[in-house]
Every structure is written in structure tokens, then in C-alpha cells.
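First comes the structure, then the notes that go with it.
The values are calculated or read from the model by the stated rules, or taken from the named source; none is laboratory data. None of these values were measured; they are calculated from a predicted model. All Cβ positions, even for glycine, are placed from backbone atoms using ideal geometry, and neighbour counts span all protein chains on display.
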Number of protein chains: 2
Amino acid sequence: MASPTADFAAWTGAVQARVEAALERFLPSGSHAPARLHGAMRYAVLGGGKRVRPLLAFAAGEATGADASRLDVVACAVELIHAYSLVHDDLPCMDDDVLRRGKPTVHVEYDEATALLVGDALQSLAFELLVGHGAARDAATQLDMVRTLATAAGSRGMAGGQAIDLESVGKQLTVPELELMHIHKTGALIRAAVRLGAQAGDPLSPERFERLDRYAKCVGLAFQVVDDVLDAEASTATLGKTAGKDAAQGKPTYVSILGLERSKELADQLRREAHAALEGFGACSGRLAGLADFIVLRKF
Amino acid sequence: MASPTADFAAWTGAVQARVEAALERFLPSGSHAPARLHGAMRYAVLGGGKRVRPLLAFAAGEATGADASRLDVVACAVELIHAYSLVHDDLPCMDDDVLRRGKPTVHVEYDEATALLVGDALQSLAFELLVGHGAARDAATQLDMVRTLATAAGSRGMAGGQAIDLESVGKQLTVPELELMHIHKTGALIRAAVRLGAQAGDPLSPERFERLDRYAKCVGLAFQVVDDVLDAEASTATLGKTAGKDAAQGKPTYVSILGLERSKELADQLRREAHAALEGFGACSGRLAGLADFIVLRKF
């Protein structure tokens, strides 16, 4: 019998491959006009990334017995929103980054105007996708999914977190302020991934839904804490994106506020809280538990 | 009794005021964090514009007996998408414009990064709004509305049209090529406004739906032809945006390809075709007919 670790690795590999194939299918063909835009959209999305949000959607869907074909839709919708945010985040007026997932960023490979439109069009595509393929058992749930994704992406979610991020450059933040920023910037979309994955399956009791959301909050925050640790410790080659950048730009991070050791402790505490939130779900939450470990213990 | 013209002017004024109030209500408060982003979103959307797309949505809704409160939702959702596209279009990497609706553009009044996020967040808000207020009689129709808006905004609609626009700078286009660009760039969202307005009311027969769509196509194209004529003829002060810019940037326009007189003839021909498409709708299409005239005969 395979070890739990080997089994988990096989599962993540299978989901990542499945999601890559679904993204490939859902994105407009690079030969379809406007060809340059469609080619750039594919460049931005395909062939890279850990696909953490799709993995979370699939793991949450497992906990509610969701069909894999529905999970393809919600996982890809969330990943398209994430991919658009990276393209815009890398633009010269934002983080001005030239490297992403080991490749030149979209505005470097194409041009700034195209990168702007790529992000805009990927956001639209996420919503088009979400309503175009029966991602939930009824239309009312599908509408709720759109609401979840739109809120998570917008000014009270991810875009709002990026605005807080802009305002925080060069400032000394407290830990609660930093947490607030990340709850919006990365946490909102991670929570949406878990919620949408769960909604693709059978209805959950409000209490279970709330536990799943608590899990997602812990994992979302842990993800960011670990990102900061890796940014401080790892090399550009390992990360596939420019390392040490936050510090160089005067951006507050968990490491700059708490130091390296206490940041690592915080990540592990969040991992344990995520596990605790899953109590009572039984075997069907095994992938979610595994992902909490994967996110905190990753090296890139 | 008021003249038809005075009556139409009163109606447009009332709808514009109603839409302004609804946008004011639907946009996040400028005192709600992140305050700078929310303030900039309000700056980008409120207090300006002809509100052509909301007027079309209200006029189409009149033809299907839609509630005004539902029309508020669809009109504002479409207008938010339009407003986001203007903010991104004005950025230095796109048209690099400093004046919009008689005010400094968002990136001039705020900064480029904020303007980028304003556009991103306005797009999300459009979808959040559309599903959050029961804009149609049932959930299935609401889902179809989301699909319509997302497709109109995305790479096969508005964003795609902007990509074609980028590629066409300095090129000599044929009239069909120019038409293809505008069918995407402005036409798609105008068609969506008419469609969503109609969907907010009672179901239409496929034949009537198709006639309404033909009307919208004609009006959408006429709108652009007239824009080109005004850009060539009017002053910056009258337009509230920089005049003569397309020619200066080497962008193909109807005027540069057809000349001024033939462009005016084309606009009037499209206006007559729009009227013809409405035959059989009777009195309930009076506002749509009036809008076709308004769009072609406007002076700004």
C-alpha cells in the first residue's frame, strides 16, 4: 500500500493535470481572433503555478461529494481570477516584476496594454465560465457562487487587499493590520475556492459550512505567512519569481514584523487550527487536512 | 400637452437622475475601507457621462414591462463595466488621456496603480450587483444575464475590441474591418444593455428578441460612427474629453476612411435601420426609437 504522503502527492499531481487540461479547454484558442490577446491569455494562465486554489476547491468538493466536472468549472473560475490578479500585479505601475512562474511576465513577453487587457478579459472569463456549465445543483446556488466569487475579487476582497497593500508601503504595520491586508489580498480568494468547491456538491449544514470557512481562513493566512518566510529565505531560482522583493520595496511582511522564527511558529499554529476546524468531517476531509500541511510545509 | 421632444428630454433626464442615485447607492461608501480605492471608484463613476447604456436598458425594459427597480440593477451593472473600461482605456499604456467627462482622468487625479485597481474592482462590482438584487423573474434568467454581461465584457466582446484597436494603430483598415472592431469595442456592451433591460421584464418571443438585438446592433454602430464624426468636428470643451485624438494617434476612424459626409450618411442610415427593426413593437418601443435619434443627432 502506498504511504499517505505518496498518495497525497499522486492526488495533487492528478488534480493539477486535470485542472491544466480544463483551463486549456476553457480558454479561447490562440488561433481565434483577437489572436494576440487570446495567445497572451493562455500564456498568462497555462503551464505553471501550484494551483493551490484549484486543489482547495477539489478537496472541499470531495467533502461534499461534488462531481469532478463541476469542480473543474469552479476551480478554473477561481484560478482565472488569481491569474488575472498576478498579471495586473506584475505591471510596472504595481510591483513592476519581470519574472513569474519562471517565465517573463506578460507585459514583458507582450506589452503593457496587452497585459492590462489580458487581466481584464480573464476576469470576465471567470464569470462567463462559472455560469456557463452548471457548476451547482440549481440555479440559485450558481447565483450564490457568482456572488461569492465577485465579492472575493472586488474592493472588499482581493482588489481591496491590493489597495491596502499599496497604502502600506514604507509604513510600520501592526500584526492585526498586516493580517487585515492579507485576509483581503490572498485570503478572500482562498476562502472562495473552498466555498465554491463545497457548493458544487451536496448542501452542508450551516455549522459545517462555518467550520469549513474557518479552515479556509486559517489556510489562507498560513499561505501568506509561509510566502513571506519563503520570500525571505529562498532564492529566485527556487521560487520562480523575484525573491527578497518585499523587503527591497519596503513592504511590511510577517518576517519584518515578527521575525523569522515567530513567523514559522505562527504558520504552524494556523496549520493546527485548520486541522482542528475539520474535526467531525471524518475521512472525507482528508485532502483538506493534507493541503493545510502542504501549504505550510512547502519549500517553494 | 408637451411636445414629443420635450417629453423625451424629460424622460432621459429622469432616468439619468434615477441611475445616478442608484449608482450612488450601489457603490461602496468613500468612508468605508479601503477608503482611497472606494473614493476613486466613486470618482470614476459618479457625476458624469450621458448614461447611454442605462438609457437603452431602461428603454428596452419599457418594451417588456420591467420593474424600474430591476432596471436600476441591470443599468448600473452595465454602466460599471463601461466606467471600468474608460478608466483602463485612459491609462498611459493605452490611450494615455488626461481628461474624461470634463475632469482629470482617474490615474491623473489619483495614481496609475489606483486606477488599475479601480477598473478591476468596478468589473467585479458589476457582477456582484447583477446577482445580488433579483434583477429578473427567476434565477435561470439571472444566470443568463451574467453570461450576457461577461461575454460582452470579455475577449470576444469589449476587451477583444480594444485588443483589435491596439493592433490597428497606424494601419489602413477597410470599412468591414473597422466595423468588426467597433462591433466588439462598443457594440457588444450596448447590445448587452438592451438585452439585459429586456430580460428584466416579461419574456419576449425569439422573433421579437432578435428584432431588438438588430436594433441594438444598429444603434451600437451608429454610436461609434457619430463619435468619430464628433471627434473630428467638435472641440475638447464641448466633448469633455480630448478632441481630435484618434487622428493624432493614427487610429483608423469612419471619418478617416469614409470622409465626413459619407460617415454622416452612414449614421443616418443606421438610425433608419434601427427604427425599422422596432416595427411591430408599437407604442412600448417609443423610447428605443427616441434613443436611436438621440444617439445619432447628439452634438456631444
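Within the stretch A:198-208, how many residues turn out to be within 23 Å of A:HIS82 (Cα to Cα) and surrounded by fewer than 24 Cβ atoms within 10 Å (Cβ to Cβ)?
Looking only at that region, the number is 1.
Kindly list, by first and then second residue, each pair from a residue in the stretch B:280-300 that is over 24 Å from B:GLY49 (Cα atoms) to a residue that is surrounded by 13 or more Cβ atoms within 10 Å (Cβ to Cβ), limited to pairs with Cβ atoms under 7 Å and residues at least 6 apart or on different chains.
B:PHE281/B:ALA63; B:CYS284/B:GLU62; B:CYS284/B:ALA63
In the stretch A:260-268, is there at least one residue being in contact with a Cys (Cβ under 9 Å, 6 or more places away or on another chain), at pLDDT 90 or above and loosely packed, with under 14 Cβ neighbours inside 10 Å?
So far as the stretch A:260-268 goes, no, none of its residues is in contact with a Cys (Cβ under 9 Å, 6 or more places away or on another chain), at pLDDT 90 or above and loosely packed, with under 14 Cβ neighbours inside 10 Å.
Among helices (runs of 4 or more DSSP H) lying entirely in the stretch A:116-215, which contain 1 or more residues that are modelled with pLDDT of 95 or more and out of contact with any Lys or Arg (no Cβ under 7 Å at 6 or more places or on another chain)?
A:139-153, A:158-168, A:188-199
Tell me which residues, restricted to the stretch A:88-107, are free of Cβ contacts under 8 Å to residues at least 24 places away in the same chain and either buried (at least 23 other Cβ atoms within 10 Å of the Cβ) or at negative phi (or both).
A:PRO92, A:CYS93, A:PRO104, A:THR105, A:HIS107
For the stretch B:108-122, state whether one or more residues are aliphatic (A, V, I, L, M), at the interface with another protein chain (Cβ under 9 Å from one of its Cβ atoms) and surrounded by fewer than 18 Cβ atoms within 10 Å (Cβ to Cβ).
No, because not a single residue in the stretch B:108-122 is aliphatic (A, V, I, L, M), at the interface with another protein chain (Cβ under 9 Å from one of its Cβ atoms) and surrounded by fewer than 18 Cβ atoms within 10 Å (Cβ to Cβ).
Anything in the stretch B:60-87 that is farther than 20 Å from B:PRO28 by Cα, surrounded by 24 or more Cβ atoms within 10 Å (Cβ to Cβ) and touching a Gly at 6+ places or on another chain (Cβ under 7 Å)? List them, or say none.
Correct list: B:ALA60, B:GLY61, B:ALA66.
Condition check: touching a helix residue (DSSP H, G or I) at 6+ places or on another chain (Cβ under 7 Å), hydrophobic (A, V, I, L, M, F, W, C) and under 25 Å from B:ALA153 (Cα atoms). Does B:LEU46 satisfy that?
Here the answer is yes, as B:LEU46 does meet what is asked.
So A:ARG195 ticks every box in (1) free of Cβ contacts under 8 Å to residues at least 24 places away in the same chain; (2) surrounded by 18 or more Cβ atoms within 10 Å (Cβ to Cβ); (3) more than 8 Å from every other protein chain (Cβ to nearest Cβ); (4) charged (D, E, K, R) but one. Which box is left unticked?
Of (1) free of Cβ contacts under 8 Å to residues at least 24 places away in the same chain; (2) surrounded by 18 or more Cβ atoms within 10 Å (Cβ to Cβ); (3) more than 8 Å from every other protein chain (Cβ to nearest Cβ); (4) charged (D, E, K, R), only one is false for A:ARG195: (1).
If you go through the stretch A:123-147, how many residues are surrounded by fewer than 24 Cβ atoms within 10 Å (Cβ to Cβ) and at the interface with another protein chain (Cβ under 7 Å from one of its Cβ atoms)?
5
What residue, among those in the stretch B:149-192 that are β-branched (Val, Ile, Thr) and within 13 Å of chain A (Cβ to nearest Cβ), is nearest to the chain's Cα centre (by Cα)?
Step by step, filter the stretch B:149-192, then rank; the result is B:ILE183.
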